[in-house]
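Okay, structure first, notes after.
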Amino acid sequence: MQFIKKYKYALIAALFAVLLIILLILFGKSGGGESVLSEDVPESKPVFSEVRPTTEISEIPESKKPDSSVTSTDNYTHTTKAPQSYPVHIESTAETTEYTLPKTTAAQTAVKPQTEKPQTVKPQTTKPQTVKPQTTRPHTTKPQTTKPQTTASVPEKPQYVNSCILTIDCRSILENMDKLDNDKHSLVPADGVIFSGNVGFNEGESVYDILRRVCSENNIQLEAAYTPAFGSSYIEGINNLYEFDCGSASGWVYKVNGSSPGEGCSSYLPKNGDSIEFCYNC
């Protein structure tokens with residue numbers, strides 16, 4: 001806006017100059033357009049040839065000239081003055097019509113001939129196809145090595161020299177189920193016997209060694225602790241039944257041939273044919 005206010009007089013003068021140039025161009029086209037076309041383009045001649053009227057002109061006496069002041073028709077009368085410049089009477093005339101073609105402008109006559117450019121067709125060059133020779137490699141068959149089948153060897157049961165009867169029971173808990181925790185009722189078998197069977201052992205194995213091997217082979221939980229005061233292992237729990245689970249004086253004790261040996265189970269060495277019993281005492 002500041003630019004327009006500053007140069008408004010210059011802009012108005014430029015606008016008037018442009019309008020003046022446009023008017024001069026339009027006036028030049030309207031005044032000299034026809035002269036240019038008339039000089040360039042010749043006038044077209046009529047298509048048909050001239051036909052001159054064949055008339056016989058004769059002088060008519062004044063007595064026979066018709067009264068040109070009055071002309072009568074069937075319905076009305078019309079008075080006209082006869083022209084004085086035509087003293088002749090035309091008896092017969094041949095009407096001729098001349099037809100002239102419209103003038104053609106230079107813009108319409110100047111028709112540029114259409115020149116078609118020759119189409120250049122590029123020759124197609126086909127490259128020769130090179131066929132590579134197929135080289136067949138000899139098939140080398142690897143010798144099949146058959147691995148010797150190894151059959152899983154089943155460990156043979158050790159042969160023991162001596163044997164004994166081992167029993168693990170908790171029948172005393174059946175008479176004191178009200179003292180046992182409710183979460184451990186399912187750990188007590190219906191007859192109270194956890195394990196009973198004839199097992200083998202070798203010379204030098206203790207009662208604890210026989211118990212530990214049997215629980216490991218039959219997936220029975222066993223937990224024991226070594227007590228240096230007695231120089232032996234103390235059984236804390238078998239089949240998740242621990243001391244004090246069924247009363248303040250409850251726990252595991254062992255017997256050999258129905259009586260207590262008086263020493264720890266890891267110190268006592270059984271004899272062939274002994275009857276060993278681990279029972280839970282309430």
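Just so it is clear, none of the values below were taken in a lab; they were calculated from the coordinates. Note that this is a predicted model, so its numbers are computed, not measured. A quick note on method: Cβ atoms are made from the backbone with ideal geometry, for glycine too, and the neighbour counts reach across all protein chains shown.
Just checking, does region 261-268 include any residue being in contact with a Cys (Cβ under 6 Å, 6 or more places away or on another chain) and not aliphatic (A, V, I, L, M)?
Within region 261-268 (the criterion being in contact with a Cys (Cβ under 6 Å, 6 or more places away or on another chain) and not aliphatic (A, V, I, L, M)), the answer is no, since none of the residues qualifies.
For (1) of a type in the set (Val, Ile, Thr); (2) surrounded by fewer than 17 Cβ atoms within 10 Å (Cβ to Cβ), each residue gets a yes or a no:
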position	(1), (2)
Leu211	no, no
Ala225	no, yes
Phe230	no, yes
Asn239	no, no
Ala249	no, yes
Val253	yes, yes
Asn257	no, yes
Ser260	no, yes
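Given Lys271, Lys255, which one is of a type in the set (Lys, Arg), over 23 Å from His185 (Cα atoms), part of a loop (DSSP other than H, G, I, E, B) and out of contact with any Lys or Arg (no Cβ under 6 Å at 6 or more places or on another chain)?
Lys271
May I ask you to list the residues in region 227-254 that are under 26 Å from Ile165 (Cβ atoms) and free of Cβ contacts under 8 Å to residues at least 24 places away in the same chain?
Glu236, Gly237, Tyr242, Glu243
Hey, any hits in region 230-247 for a residue that's under 60 Å from the mean Cα position of the chain (by Cα) and within 28 Å of Lys179 (Cα to Cα)?
yes
Give region 213-222 a look and list any residue that's touching a Phe, Trp or Tyr at 6+ places or on another chain (Cβ under 9 Å) and surrounded by 12 or more Cβ atoms within 10 Å (Cβ to Cβ), or say none.
Of everything in region 213-222, those that are touching a Phe, Trp or Tyr at 6+ places or on another chain (Cβ under 9 Å) and surrounded by 12 or more Cβ atoms within 10 Å (Cβ to Cβ) turn out to be Arg213, Val214, Cys215, Ile220.
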